[in-house]
Every structure is written in C-alpha cells, then in structure tokens.
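Chemist: To start, I am sharing the structure in question, which I have written as structure tokens.
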There are 2 protein chains.
Amino acid sequence: MTIDAVLTELAPVLGDRISRSKPDLAAHGGSETHFPSAPPDAVAFPETTDEVAIIVKTCNTHGVPVIAYGAGTALEGHTSAVKGGMTIDMVRMNRMLAVHAGDMDAVVQPGLTREALNAELRATGLFFSVDPGANATVGGMAATRASGTTTVRYGTMRDNVLALEVVLADGRVIRTGTRARKSSAGYDLTGLMLGSEGTLGIITELTVKLHGQPEAVSAGLCAFEAMSDAVDAVVAVIQTGLPMARIEFLDAEAVAAVNAYSGAKVAETPHLFVEFHGTTAGVAEDAARFREIVEDFGAQSIETATRTEDRTALWTMRHHAYWACLAARKGARGLVTDVCVPISNLAEAVEETREDIAASIIPGPILGHVGDGNFHAILLVDPSQPAELEVAKSLAARMSERALRLGGTVTGEHGIGMGKLAYMEAEHGDAWDVMGAIKTALDPNNILNPGKMVRQPG
Amino acid sequence: MTIDAVLTELAPVLGDRISRSKPDLAAHGGSETHFPSAPPDAVAFPETTDEVAIIVKTCNTHGVPVIAYGAGTALEGHTSAVKGGMTIDMVRMNRMLAVHAGDMDAVVQPGLTREALNAELRATGLFFSVDPGANATVGGMAATRASGTTTVRYGTMRDNVLALEVVLADGRVIRTGTRARKSSAGYDLTGLMLGSEGTLGIITELTVKLHGQPEAVSAGLCAFEAMSDAVDAVVAVIQTGLPMARIEFLDAEAVAAVNAYSGAKVAETPHLFVEFHGTTAGVAEDAARFREIVEDFGAQSIETATRTEDRTALWTMRHHAYWACLAARKGARGLVTDVCVPISNLAEAVEETREDIAASIIPGPILGHVGDGNFHAILLVDPSQPAELEVAKSLAARMSERALRLGGTVTGEHGIGMGKLAYMEAEHGDAWDVMGAIKTALDPNNILNPGKMVRQPG
C-alpha cells in the first residue's frame with residue numbers, strides 16, 4: 001500500500017511522531033461537525049517547516065492525500081480524511097516566533113491557538129483581534145478565512161494576515177507577502193491561500209496584524225420590538241462612521257436561552273449587543289451617539305457597561321450563547337448554519353429563516369454578526385430522532401438558497417468543507433471552474449485535502 | 001496578419017468603435033511613465049461586457065494580445081503594448097450602475113474615474129475612499145491594487161472591492177464575490193484579480209465599498225527635527241488606536257518645493273500632515289490626543305485646521321506636492337519611485353534613500369504615506385541629459401533593493417508594469433513561479449497583457 005511506502009520513508013525523519021494508533025486516527029477523523037467521522041490512515045506531528053515539506057513531498061510522490069489539522073474546531077468537516085491519507089497535526093508547531101511591537105505584527109506557527117497567542121501578547125499592549133468564538137488555531141483560522149464578533153471593526157483573517165509561509169504540493173516552500181502593510185507586487189498569493197482550506201498548500205508560518213489594546217471599552221445592550229428595527233438601526237449607525245468594535249444580534253429565542261442558561265433577566269425580544277473601543281471620553285461619546293440613533297428606531301432598555309465586570313458578564317452571555325442554545329433543548333446536538341447577505345437584506349433573510357424554523361418540528365435560535373450581515377441559526381436536533389437531522393439539513397439548505405437569492409454567500413465565516421460543497425456551483429458558476437483550474441495548476445496530483453472545495457470528478 | 005483577421009471579425013460588432021488611426025495608437029502606447037511608447041495595433045472602445053467578451057474571445061482565437069486601458073495614469077508602463085495587439089479602452093464603460101446606500105456599496109463600470117464616482121455619490125452622504133492622487137479609473141485602480149493617502153484608515157483597493165465581473169482569456173464571463181461584506185466560500189478570486197494588471201482577465205464591472213462622509217474633519221501639520229522622530233511619533237499614535245484618516249510625511253526638500261510652488265511659509269524641516277474624521281467632539285479629542293503624543297517626540301509648530309478652507313489649503317499643498325517637486329527643477333521630468341517597508345524600518349529606509357540621493361547629481365524630494373510605511377522619491381531628471389535618467393534608475397534600483405533588505409516590497413501601490421518586473425524574482429522567489437502557474441492555467445495562450453507580471457520565456 002502506498003501509505004506503507006510513505007511511512008517507511010518518513011520513519012527515519014519523524015520517529016514516533018508519526019502514528020497509526022486507533023485513538024490517534026479516530027481523534028483526527030472529524031471535528032466539531034455533524035458529519036460522520038472519516039479517519040486518515042496515519043497522523044504526523046511535525047515540528048518544523050522542513051518536516052512538513054518532507055511529509056508533503058513524500059506523500060505527493062506516492063499519491064497519498066495530505067490533510068492539515070489544527071484544533072479540530074471546523075464546523076463543516078474540513079479536516080475529514082474522506083480519501084484517507086496522512087493528517088498533519090500542527091499541535092507541535094505552536095510557537096510565537098516573533099513580535100514586532102513597532103510594526104504591530106507577530107510571526108506565529110500555525111498550531112498556536114488564538115487564546116494562547118493573546119496570552120503571550122498580554123504584556124505588549126497589543127492583541128490579535130479575530131475572534132471566531134472557538135479557540136481555533138491561527139493556521140486553521142487562516143485556512144478557513146475565519147472571522148467573528150470583532151470583524152465589523154478589525155476585519156476577518158483576510159484583513160489580518162500579512163504574510164504566509166506555505167508548503168506546496170511538491171514540497172517546495174514559498175513565502176507570500178511581506179511584513180510591509182501593503183504591496184502591489186504581483187498576484188495576492190496570501191489572499192489566495194487564505195480560505196483555501198488546505199487544498200492549495202499547507203500553511204507553516206503566518207505573519208498576523210496586531211492591534212493596540214484600547215484604553216477604554218464600553219459595552220451595552222438594547223431591546224427592539226422587531227428584528228428589522230434592530231437591523232435598520234445598525235445600518236444607520238454604520239453610516240455615521242461610528243466605529244463599533246462589536247455589534248451582535250440575538251433573536252428572542254436566543255435571549256430566552258441565554259436567560260435560562262446564565263440566570264440573566266433580559267427581556268425576551270430581539271437584542272443588539274454593542275461594544276466601543278477608544279479613549280474614555282471617546283467611548284462615552286460613541287455610546288451616547290449610539291443611544292441617540294438607536295432610540296430613533298425604537299430601542300428600549302438600553303444598558304451600558306463600562307466597568308470590566310459588567311462588560312465581562314455581558315459578553316460572557318453572548319459567548320456562551322451557543323452553549324445556552326444547546327442547553328435550551330436537553331440532550332440536543334446543534335447543526336450550526338452560517339450565511340451572510342448584504343445588510344439591507346439581512347432583516348428579510350432572518351425573518352424568513354425564523355418563520356421557516358418556526359414552521360418546522362425543531363427549535364433554532366438565531367444570532368449573528370449584524371454589522372457584517374452574517375448570522376447563524378443553531379438548529380437543535382435530538383440525536384435519537386434521525387428525521388430531525390433531515391429537517392435541520394433541509395432548513396440549512398433553504399438558508400443557503402435564500403442567502404444566494406438575496407445576493408449573499410452560503411458561508412460568511414465557517415467555510416466550505418463537506419457542508420457547502422453542493423452550493424459552490426450555485427454561488428460561483430463558471431468561477432468555480434476557475435478555482436478548479438488553479439487547484440489543478442498547483443496540485444496536479446490532487447493530494448492536498450482531496451474531495452473538498454473544487455468540482456469532484458464523476 | 002492575425003490582427004487583420006481579428007479586425008475583420010470584429011468590424012460588424014464594433015463598427016467605428018475600433019480604430020487603427022495613428023493618433024489613437026499613439027495615445028495608447030504608454031501612460032504617465034518614463035518608459036518609451038509601445039503602441040498597440042488597434043484600439044477598441046466597447047460599451048458592454050458582451051462586447052469585451054467578443055473582443056477577447058476573438059483575440060484569443062487568433063493569438064492576438066489584449067491590453068485593458070483606463071485613464072492612462074499608470075506609472076510603470078502597465079498598459080504598454082510591448083507585444084502589439086488590441087488595446088481595450090474602457091472610456092465608454094464609465095457608468096455608475098447602482099448605489100446601495102443601506103449596504104454602503106456601489107456597482108460601477110471599470111472606466112468610471114474615482115472623481116466622477118465621488119461626484120455622483122455626493123448627495124448620498126457616502127464616498128469612495130481610495131485616493132491615489134491621480135484621477136485614475138476604478139478599473140485601473142483595481143487592476144493595480146492602488147491605494148493612497150487614506151489607506152491608513154480606509155484601506156487599499158484590496159480592502160474596498162467586494163466583487164468583480166471579469167472576462168477570462170477565452171471570453172467566458174465570471175463573477176467573483178458578492179455584495180455580502182465577507183465570505184468563506186472558496187478561493188478569493190476577487191483578491192486574485194486585484195493587482196493582476198490585466199494578465200488574468202479583463203475587469204468589466206466592480207462592486208466597491210463606500211464610506212459615510214464624516215460629520216467633522218480636522219486636519220493639521222507639525223514639524224520635526226528628524227525624520228526618525230516623525231516616524232516614531234506615528235508608530236506611537238497608531239499603537240494607541242487613534243483612528244487617523246490620513247498621515248503623510250514630507251521631507252525638508254519636499255516642503256521647500258511646496259513653499260516655492262504655493263507661496264506657503266512652512267518651516268523647511270520634515271513634516272507630518274494628519275487628518276481625523278469623526279464627530280465634532282471626536283475629532284477635537286483626536287487632534288488633542290495626537291498633539292499630546294507627538295510633542296513627546298519633539299513635534300513643533302503644530303497647527304490644526306478644522307475650517308474647510310484651511311483644510312483645503314493644507315491638503316492642496318499635499319496633493320500638489322508632485323507638481324511642486326517637478327516645478328522645483330525647471331523643465332524636469334519626474335521618475336516616481338514607490339517602496340513600502342515595515343514601519344519600524346521606515347526611518348532607516350528614508351534616511352538611506354535621502355543620503356543616496358544627496359550624493360547623486362540629481363535632486364529627489366521624498367514624501368510618503370507614513371502610516372503604511374510607503375514612500376516615494378520624486379527623482380527629478382533633465383530630459384536633455386540622458387546620463388541623469390541612468391542615475392535616477394540606479395537610485396530607484398537601490399531603493400528597491402533596500403526595501404527588500406528591510407523586509408518590504410518593491411511597490412507599495414504603483415504596481416509592477418515594466419518598471420518592477422526585474423525585482424519579482426528577488427521579492428517572491430519560488431512564489432513567482434506559482435504566479436506563473438496560475439497565469440498559464442487561466443491564460444494558456446498568453447494573450448492577456450503579455451510581457452508583464454510573470455517570468456518571461458527565454
């Protein structure tokens with residue numbers, strides 16, 4: 001078998017850092033996803049770029065698939081080894097290699113988690129802003145073009161990665177981008193690799209942008225009678241240029257789940273959670289300005305939290321919303337959806353989705369990053385009832401179709417993986433074939449995360 | 001001849017909107033560049049995407065090069081028809097197709113200039129932020145991944161284009177991206193096309209981000225004894241998160257040129273020009289905070305301009321700096337350089353460049369977008385002295401080498417064109433071959449702006 005040939009060649013290089021043990025294979029067969037496990041034939045734990053290059057080159061020679069693996073937090077089955085092969089677990093490549101405080105950037109290995117990165121940065125007065133909720137690795141976040149609650153101010157991974165080191169399918173190591181803040185020097189290969197989900201190369205080093213920790217932070221929440229009022233209010237706020245650091249939406253059902261989970265007593269209507277970063281006077285002015293605007297759209301029960309403990313309580317509610325939603329139905333599993341539309345169509349997209357879920361047999365609280373037009377329904381499925389998973393999949397399918405009809409995308413931040421492959425044709429048309437042409441040019445033997453991203457043969 | 005075959009086929013489609021007149025060919029042989037003219041064999045003036053598609057498809061069939069042409073403001077010879085062929089002038093595709101105020105985006109044709117776009121937007125309270133100085137077309141700015149004075153706050157073209165319509169080499173029309181603010185759905189083809197300088201496809205439509213016109217604007221300038229103090233001050237300001245809308249640097253020589261040109265009486269030492277956008281109270285606080293920080297770095301003669309006429313006078317000085325520099329040497333032509341480095345290396349890069357120019361036989365004032373680490377020397381050459389152009393080219397070459405040595409890029413915003421092709425290998429190494437593989441995959445007959453961007457045969 002070809003995997004045996006690969007293991008024979010790699011044994012002198014990796015020693016016991018290559019495994020075929022059942023627990024290791026099982027642990028790398030999936031991630032936080034509803035897809036069935038698809039374990040690889042072996043798992044490697046490299047420590048250097050050179051080791052990754054040797055692994056990839058050897059696998060390429062023998063036509064063995066290679067799948068990069070971070071923290072396993074992918075929601076769409078990105079790391080499932082659907083064609084078998086070698087999973088490269090980046091857990092040992094988890095160091096911060098350099099911080100350049102003057103340039104506000106850091107050079108990190110792909111296996112470093114975002115929380116560990118921020119812990120290392122604490123003394124510098126700087127932070128890494130991208131916050132998808134899960135404690136994903138920086139490499140995984142780059143491969144998925146992740147984003148999260150702070151995107152409205154600080155951007156997605158696309159906006160926060162300056163440069164990459166990438167191992168190509170044939171084992172060559174390239175560098176894309178530089179530590180300069182911008183460049184017009186040729187094709188944007190950094191951007192091309194971001195979001196390519198390990199199908200064009202294996203990321204072995206990243207230079208990420210950092211931001212200054214704000215002197216002052218002000219957070220708050222406010223209630224609306226209707227979702228559409230909340231969205232209209234956010235549009236108005238954005239147009240004034242008021243720099244919101246976070247602006248999150250929870251529907252009435254999500255608020256109810258949060259109340260039940262955390263013992264909070266928030267009115268069970270649609271809510272916005274907002275945060276401002278700046279100087280003490282600046283955030284106070286921002287918060288006042290925000291209040292003034294949202295009141296025109298019927299906002300009620302506006303509360304502001306400037307003390308750290310109050311803010312923490314507020315954002316803990318938001319960050320625990322996923323778990324709160326899961327807890328809202330005992331024993332349930334969540335199928336987490338993810339669509340993004342032009343913000344002017346957000347109210348319609350959420351309303352239709354809410355009605356569709358309400359007419360179904362399962363619950364599905366909705367929350368989202370309203371400033372980006374991105375929202376999630378947490379579809380709550382009883383695992384003992386297979387029919388419910390089918391209902392959830394149908395609801396998710398209609399969400400994707402709705403997003404496309406409303407000028408949006410089938411995934412705002414979770415990526416394609418297994419879950420959205422069926423929508424690539426509908427979203428991209430002939431552009432999907434351009435992706436295929438690029439894939440073939442860079443990975444002619446189709447060893448990099450095969451079965452994903454591009455049109456599949458047959 | 002193949003061009004004749006193309007013209008015969010296209011005549012029924014384009015009629016008199018295809019030209020072989022000498023003035024038309026001459027007018028499209030170059031741009032605002034020091035490179036010698038290289039006119040095409042014909043110039044087409046399409047009015048629709050379908051017409052562009054037919055032109056490109058026909059040229060592809062006959063192996064005739066195709067070069068897209070906007071306002072002709074490229075500085076590095078991007079549009080020179082070095083292999084002859086068909087230039088597609090976008091001047092008739094210059095309409096704004098839609099404004100979505102709620103989503104803060106606009107859909108435009110590639111031949112629309114940024115000033116015309118902003119004139120059309122005036123009543124909406126929104127504006128298109130990217131400002132490279134020249135009144136370039138939006139299509140040309142996208143193809144070059146342009147930026148300019150407002151990048152530090154609003155970003156480059158990479159940050160301000162949401163979606164594209166592109167004609168591929170074989171005449172297929174694709175759409176990349178959507179009007180949603182973000183997406184994780186596959187390879188970022190929008191980003192790949194931005195900065196590809198017409199070598200991967202012809203842009204026929206763009207969806208660009210807009211920003212809210214700020215309620216209040218505050219501008220100012222301040223003097224420093226040394227460049228390095230100015231740069232250190234900017235680094236400190238950025239780290240506080242103070243949202244500068246513009247932060248520009250002029251060296252003593254550039255200030256002297258501006259004084260002579262505009263009759264201003266600014267002290268002839270290194271200067272920073274700064275601008276803040278926000279609420280009235282916000283910009284006042286920002287300006288005060290800025291003053292506080294820069295004074296720690298020895299800033300003197302700090303002046304603030306909040307009245308529109310004072311601000312206009314200040315930015316007119318800055319925007320006319322190029323012409324002021326040219327006027328500083330009677331009859332001179334300018335060779336405009338463009339490098340970008342990590343900001344912590346900016347002072348060193350500028351100082352070394354200043355000394356190198358001072359030791360040469362030609363003058364070269366320096367100015368730049370200090371918040372991005374991007375600067376330009378305007379090398380002033382007497383066109384009657386060919387030796388001076390050689391000196392300027394040597395100085396420019398050493399600037400590029402210096403930028404690479406200091407971890408930067410050979411072009412921050414002007415692009416590759418003819419002028420930086422020789423540095424692609426040095427900047428990108430094997431990644432340049434990846435660009436070549438992508439080019440070959442998307443344009444196998446090499447008809448799209450041939451002779452540019454990728455490694456040339458032979």
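Chemist: Once you keep just the Cα pairs under 8 angstrom separated by 6 or more residues, what percentage relative contact order results for region B:1-127?
Modeler: 24
Chemist: Also, I was wondering about something else. Between copies, how far does the label point of B:Lys265 sit from its twins, in nm, shortest first, when each point is 7 Å from Cα along Cα→Cβ?
Modeler: Once sorted, the set of distances for B:Lys265 reads 6.9 nm.
Chemist: Oh, and also: Please compute the contact order of region A:216-323 in relative form: average sequence separation of alpha-carbon pairs under 8 Å and at least six residues apart, divided by the residue count, as a percent.
Modeler: Contact order relative to length: 45 percent.
Chemist: Take the Cα gyration tensor of region B:265-357, multiply each eigenvalue by 5, square-root it, and list the three semi-axes largest first, rounded to whole angstrom.
Modeler: 28, 20, 13
Chemist: According to the square roots a ≥ b ≥ c of the eigenvalues of the Cα gyration tensor, what is the shape class of chain A, taking rounded for a/c under 1.5, prolate for a/b larger than b/c otherwise, and oblate for the remainder?
Modeler: Because a/c hits 1.5 or more and a/b exceeds b/c, chain A counts as prolate.
Chemist: For region B:329-444, restrict the atom set to alpha-carbon positions and state the Rg and Dmax in Å.
Modeler: Spelled out, the Cα radius of gyration and Dmax of region B:329-444 are 15.4, 49 Å.
Chemist: Please list the radius of gyration and Dmax for region A:76-134, considering alpha-carbon atoms only, with Å as the unit.
Modeler: Final numbers for Rg and Dmax: 14.5, 45 Å.
Chemist: Among bridges DSSP assigns within region B:2-91, what percent are antiparallel (round to 5)?
Modeler: The antiparallel proportion sits near 20 percent.
Chemist: Counting each DSSP H run of 4 or more residues in chain B as -39500 (n - 2.57), what helix-only mean residue ellipticity at 222 nm follows after dividing by all residues, to the nearest 500 deg cm²/dmol?
Modeler: About -11000 deg cm²/dmol.
Chemist: What angle, in degrees between 0 and 90 and rounded to the nearest 10, separates the Cα long axis of helix B:386-405 from the longest principal axis of the Cα atoms of chain B?
Modeler: Tilt of helix B:386-405: around 80 degrees.
Chemist: For A:Lys330 and B:Ala327, what does the FRET efficiency come to when R0 = 60 Å and r is the distance between their Cβ atoms, rounded to the nearest 0.05?
Modeler: E(calc), rounded to 0.05, equals 0.15.
Chemist: Expected output is a single nm value to one decimal: the length gained when fully extending between B:Ala236 and B:Thr2, i.e. 0.36 nm times separation in residues minus the C-alpha distance. What is it?
Modeler: 78.3 nm
Chemist: Moving on. Quantify how much of the Cα-Cα distance distribution of region A:216-323 extends past 24 Å, in percent.
Modeler: Roughly 18 percent, rounded to a whole number.
Chemist: I'd like the antiparallel share, as a percent to the nearest 5, of DSSP beta bridges with both residues in region A:46-124.
Modeler: Once the DSSP bridges in region A:46-124 are tallied, antiparallel ones form about 50 percent.
Chemist: Let me ask something additional. Nearest 10 degrees, 0 to 90: what angle lies between the long axis of helix B:2-14 and the longest principal axis of chain B (Cα atoms)?
Modeler: 90
Chemist: With the contact rule set at Cα under 8 Å and sequence spacing of 6 or more, what percent relative contact order holds for chain A?
Modeler: In percent, rounded to a whole number, it is 15.
Chemist: For A:Lys83, list the lysines whose Cα falls under 27 Å from its own Cα; do not include residues on the same chain fewer than 8 positions away.
Modeler: Partners within reach: A:Lys22, A:Lys57, A:Lys393, A:Lys420, A:Lys439, A:Lys452.
Chemist: With each label point set 7 Å from Cα along the Cα-Cβ vector, what nm distance links B:Gln300 and A:Glu390?
Modeler: So the label points at B:Gln300 and A:Glu390 sit 8.2 nm apart.
Chemist: Let me ask you something else. Among A:Val6, B:Val167, B:Val91, rank each residue by its count of other Cβ atoms within 10 Å, from fewest to most, as a rough exposure measure.
Modeler: Going from sparsest to densest Cβ surroundings: B:Val91, A:Val6, B:Val167.
Chemist: What's the exposure ranking of B:Glu165, B:Glu32, going from fewest to most Cβ atoms within 10 Å?
Modeler: B:Glu32, B:Glu165
Chemist: Please arrange B:Asp24, B:Asp4 by counting, for each residue, the other beta carbons lying within 10 Å of its beta carbon, fewest first.
Modeler: Least to most surrounded, the residues fall as B:Asp4, B:Asp24.
Chemist: Give me the orientation-averaged projected area of the Cα convex hull of the protein assembly as shown, in nm², one decimal.
Modeler: For the protein assembly as shown, the mean projected area of the Cα convex hull comes to 37.5 nm².
Chemist: What longest region of chain A stays clear of trypsin sites (Lys or Arg not before Pro) that DSSP places outside H, G, I, E and B and that have at most 16 other Cβ atoms within 10 Å?
Modeler: A:96-264
Chemist: Label A:Thr48 and A:Asn118 with points 7 Å out from Cα along Cα→Cβ: what is the distance between them in nm?
Modeler: In this crude label model, A:Thr48 to A:Asn118 measures out at 3.3 nm.
Chemist: For the pair A:Glu355 and A:Arg398, how long in nm is the line joining their label points, each one 7 Å along Cα→Cβ?
Modeler: With each label placed 7 Å out from Cα toward Cβ, I get 1.0 nm.
Chemist: Further question: Could you work out how far helix B:252-262 tilts from the main Cα principal axis of chain B, as a 0 to 90 degree angle to the nearest 10?
Modeler: Long axis of B:252-262 versus the principal axis of chain B: about 80 degrees.
Here, each number is a calculation from the coordinates, and none is a lab measurement. All values derive from a computational prediction rather than experimental measurement. All Cβ positions, even for glycine, are placed from backbone atoms using ideal geometry, and neighbour counts span all protein chains on display.
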